[in-house]
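One structure is given here, and the rest of the page talks about it.
The values are calculated or read from the model by the stated rules, or taken from the named source; none is laboratory data. Here the structure is a predicted model, which is why all the values come from computation and not from measurement. Methodologically, a virtual Cβ is constructed for each residue, glycine included, from the backbone with ideal geometry; neighbour enumeration extends over all protein chains shown.
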Amino acid sequence: MAIVLCVLASARSEGYTATLLDRVIEGIKSIKGVDVEFVNIFDYLPISPCISCWNCARNDDHRCTLDDSMGRMGEGELVNKVLNANGLFIAQPVYFTRPPASVQLFFERFYPFMWSGELNGLPFASLSQAANNGGTRMADWEMSKWAFTRSFKYIGGLPVHMVQYDEACVKARDLGKKLAEAALEDAEERFTVTAFDKYMGTDGNPWDCLDGYVDDLTNGTRSYKGSLVEHALSHGTVKKEEAVNLLRNAAEELKLMLQYYEVGDRVKAKEHLIKMRTYWSPATIKEFLDDDLNQ
């Protein structure tokens with residue numbers, strides 16, 4: 001039996017978001033062999049923010065040691081449900097064009113799984129609902145970014161303003177069915193989301209990471225000069241020999257990425273972004289985090 005964990009991120013247990021989630025659950029239950037585990041995240045608060053203690057990176061099981069529902073070395077009530085799920089659905093209201101704080105806390109505490117990799121490929125979908133000024137598409141975009149960073153298998157997102165409620169109920173049910181079908185496949189064998197899948201968008205995630213990474217890695221300059229890598233090498237702000245050597249390799253890949261980006265070849269640019277990050281990430285870990293990780 002496959003299990004889909006449906007998380008309601010609203011204190012209004014009978015509000016608009018909850019009623020839309022009911023339609024999602026109907027869709028899930030219409031697929032034979034799939035069961036639903038429903039939780040309201042407010043029943044599991046308080047959830048602490050990540051405190052950057054690095055215990056999850058240091059311990060062999062990569063489990064969070066904080067004493068709440070998302071910790072307790074993997075035995076917290078909520079994180080245990082996540083670990084047992086074959087699919088994850090988040091239903092959230094939209095606050096100030098973004099997901100609510102409870103969802104931020106929830107996903108922030110998925111950091112241990114970045115080390116263990118055990119949620120890589122977990123089927124994921126969401127809905128973002130607003131009844132006033134909107135912002136549903138912006139909140140939905142944030143959810144696709146969470147799916148990207150957590151290497152989920154992205155099934156879909158449904159932004160809903162209440163003026164669309166009737167048609168959204170039909171779409172919600174259909175999205176539930178799609179997630180259930182993916183959960184059945186997950187119960188047989190979990191799909192591995194590779195770096196290529198993530199960065200190229202072949203995992204179905206609509207969030208295109210390239211522009212954001214170009215802006216971030218170049219420190220807003222859109223050129224190698226002034227980029228974070230160039231600054232680190234030219235100003236000597238990275239000192240460990242191994243980290244410096246990694247950065248030199250990162251610099252070459254960054255230059256190639258920017259060349260292709262400038263001429264509009266986004267596929268080639270992403271290929272070099274993937275390669276660049278295989279040097280950039282370990283370089284910064286080696287320089288700035290090694291002592292914390294090896295305490």
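State which residue is farthest from Gly87 (Cα to Cα) when the search covers only the range 141-174 and only residues that are under 22 Å from the mean Cα position of the chain (by Cα) and β-branched (Val, Ile, Thr).
It comes out as Val160.
Against the conditions (1) exposed (fewer than 15 other Cβ atoms within 10 Å of the Cβ); (2) under 27 Å from the mean Cα position of the chain (by Cα); (3) free of Cβ contacts under 8 Å to residues at least 24 places away in the same chain, Val263 satisfies every one except (2). Only residues that are without any contact (Cβ under 8 Å) to a residue 12 or more places away in the chain and either outside the structural domain of Glu189 (by TED's automatic domain parsing) or part of a helix (DSSP H, G or I) (or both) were counted in the range 47-66, giving 1.
All conditions in (1) β-branched (Val, Ile, Thr); (2) touching a residue at least 12 places away in the same chain (Cβ under 8 Å); (3) not assigned by TED's automatic domain parsing to the domain that holds Thr278 hold for Thr202, with the sole exception of (2).
Only residues that are assigned to a helix (DSSP H, G or I) and either of a type in the set (Gly, Ala, Ser) or not assigned by TED's automatic domain parsing to the domain that holds Val82 (or both) were counted in the range 2-43, giving 2.
Of Ala250, Ala243, Ala269, Ala232, all but one fail to be surrounded by 13 or more Cβ atoms within 10 Å (Cβ to Cβ), under 28 Å from Met138 (Cα atoms) and of a type in the set (Gly, Ala, Ser); the exception is Ala269.
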